[in-house]
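Take a look at the structure below.
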Amino acid sequence: PARLPSFHTCVGANEELLTPTWYEEHGIELVLGTRVESVDVGQKTLLTASGETIRYETLIIATGAKALKLEEFGVKGSEAENVCYLRDLADADRLVNVMQSCTGGNAVVIGGGYIAMECAASLVTNKINVTMVFPEAHCMPRLFTPKIASYYEDYYQSKGVKFIRGTILSSFEFDSNGKVTAVNLRDGSQIPVDMVVVGIGIRPNTSLFEGQLTMEKGGIKVNGKLQTSNDSVYAVGDVAVFPVDLCGRIRRLEHVDSARKTAKHVAAVIMEPDKTGEFEYLPLFYSKAFSFSWRFYGDNAGEVVHFGDYLGTKFGAYWINNGHLVGSFLEGGTEDEFEAIANATQLKPAVDDLAEVGRQGLNFAMTGNKKIKPQTPLIEAGTSSLVVETLIYPWHATAGVVVAASVAAFAYWYGRRRRRW
């Protein structure tokens, strides 16, 4: 079930656990159980529910998002004891408790995205009969192509998950205790249930800043240093709308990887402003369910080239937009293979022949392509990894070795001098 009670923001990132003791040891005052009721950006003050005024010099908005409720679409019943959402720790606790009381029963999952797919896998693994209901033609419509979606849907169905596509929830049936006993769909069908999981999207928590900061795409607009329209206020995570060079536009990304990396970058911008450049981010989405493990890097814009064995366990797709690779998806890859498609996507190589890319498949990313024309070399924010152009002539390679050796020698000497080696 959920990783409870040890639920931390850094799970999966090989970071320190952010316990109350960690904050205390690092000189950070952690104030829990306190709601900020209003913010005055002009006066640089926060007003809490208890009436306390907190003044700041720099403010970081990390308010995240809230789950969309059924009531926003005219359906009542979110407060029923067997209707579950999944957005925070309390939601996770409740979901696990309801699951444990419904073994062998029926669950309906409303939605076809991340929450829906991952919860459906967990439910059926815990011996609960699952039906997924969503209005789109296939699952994960914002990312998956029909071909990719079909692969996962076929597997889910082999595990007993039922799919009802092209319709939505219209109402619930309740017993005398207010518990949901059936789901009514707009297509006229009815499904008996013991529990319901709702995953129909999120809305960024921006209400404290409406009318005070520039908003766009449903979130708070920031620049390359994640700074809002007020230079003393920054925004990170689901709430931030920031420029993504790879995509050539600003985006709001709903994923833990973006939340972690925007937060780290803001900390660097504030602590070391002269040493920290703009946030250069390669969008990453990933998920694990059943025995699956996939990652997507970049932007799913343009034409799609599928590759690999869609009857097996390793397959993927590339997205080619305006003659360049801009997005890559891979299921069942090794760490080296995932790193290869990430690097290839970051470089945005030119692609003249889509059929040839399809024939090469994963090898296109693993070994490169003679027609690759890398973009300007860049240093990824927050790391020391340098992405450079492919060396074409032997003397380039020789010069590179000499330079690398010189840099290494200087680094060793300097490190010894600073006692940091």
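Here are the numbers for the structure shown:
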| quantity | calculated |
| --- | --- |
| Residue under evaluation Lys159, criteria (1) within 20 Å of Lys288 (Cβ to Cβ); (2) of a type in the set (Lys, Arg); (3) free of Cβ contacts under 8 Å to residues at least 40 places away in the same chain, criterion not met | (3) |
| Near pairs, Cβ below 8 angstrom, 6+ apart or cross-chain, from the range 200-226 (without any contact (Cβ under 8 Å) to a residue 60 or more places away in the chain and farther than 23 Å from Gly277 by Cα) to any residue that is assigned to a loop (DSSP other than H, G, I, E, B) and among the charged types (D, E, K, R) | Lys217/Arg252; Gly218/Arg252 |
| Where Asp309 falls short, out of the listed (1) in contact with a strand residue (DSSP E or B) (Cβ under 8 Å, 6 or more places away or on another chain); (2) in contact (Cβ under 8 Å) with a residue 12 or more places away in the chain; (3) on the phi < 0 side of the Ramachandran plot | (2) |
| Members of the range 217-227 that are more than 19 Å from the chain's Cα centre (by Cα) and either over 16 Å from Ala268 (Cα atoms) or open to solvent by 50 Å² or more (accessible area, probe 1.4 Å) (or both) | Asn223, Lys225 |
| Scan of the range 267-310 for residues that are more than 18 Å from the chain's Cα centre (by Cα) and either closer than 17 Å to Val326 by Cα or aliphatic (A, V, I, L, M) (or both), ordered by number | Ala267, Ala268, Val269, Ile270, Met271, Gly302, Glu303, Val304, Val305, His306, Phe307 |
| Tally of residues being touching a Gly at 6+ places or on another chain (Cβ under 7 Å) and of a type in the set (S, T, N, Q) across the range 323-346 | 2 |
| Residue in the range 327-338 that is in a strand (DSSP E or B) and either on the phi > 0 side of the Ramachandran plot or open to solvent by 20 Å² or more (accessible area, probe 1.4 Å) (or both) present | no |
| Residues that are in a loop (DSSP other than H, G, I, E, B) and either closer than 17 Å to Phe315 by Cβ or at pLDDT below 95 (or both), drawn from the range 352-366 | Asp352, Gly361 |
| Residue check, Ser258 closer than 21 Å to Gly201 by Cβ, outside the structural domain of Ala116 (by the TED database) and in contact (Cβ under 8 Å) with a residue 24 or more places away in the chain | yes |
| Residues that are open to solvent by 50 Å² or more (accessible area, probe 1.4 Å) and either in a loop (DSSP other than H, G, I, E, B) or among the basic types (Lys, Arg) (or both), drawn from the range 206-216 | Glu210, Gly211, Gln212, Thr214 |
| Every residue from the range 259-278 that is open to solvent by 90 Å² or more (accessible area, probe 1.4 Å) and assigned to a helix (DSSP H, G or I) | Lys264, Met271 |
| Asp238 vs. criteria acidic (Asp, Glu) and surrounded by fewer than 15 Cβ atoms within 10 Å (Cβ to Cβ) | no |
| Filtered residues of the range 80-97 (kept if at pLDDT 95 or above and open to solvent by less than 70 Å² (accessible area, probe 1.4 Å)) | Ala80, Asn82, Val83, Cys84, Tyr85 |
| Wholly enclosed strands (runs of 3 or more DSSP E) of the range 48-93 bearing at least 1 residues more than 27 Å from the chain's Cα centre (by Cα) and hydroxyl-bearing (Ser, Thr, Tyr) | 53-55 |
| Test: residue in the range 33-52 that is open to solvent by 70 Å² or more (accessible area, probe 1.4 Å) and either closer than 22 Å to Glu118 by Cα or among the β-branched types (Val, Ile, Thr) (or both) | no |
| Thr19 vs. criteria surrounded by 11 or more Cβ atoms within 10 Å (Cβ to Cβ), out of contact with any helix residue (DSSP H, G or I) (no Cβ under 6 Å at 6 or more places or on another chain) and of a type outside the set (A, V, I, L, M) | yes |
| Residue in the range 178-198 that is nearest to Gly105 (Cα to Cα), counting only those that are in contact (Cβ under 8 Å) with a residue 40 or more places away in the chain and open to solvent by 40 Å² or more (accessible area, probe 1.4 Å) | Asp194 |
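The values are calculated or read from the model by the stated rules, or taken from the named source; none is laboratory data. What you are looking at is a predicted structure, and each value in this text was computed from that prediction instead of being measured. Quick reminder, even Gly has a Cβ in these numbers, built from the backbone with ideal geometry, and neighbours come from all protein chains shown. For accessibility, only protein heavy atoms count, side chains too; no ligands or nucleic acids. Shrake-Rupley method; radii C 1.70, N 1.55, O 1.52, S 1.80 Å.
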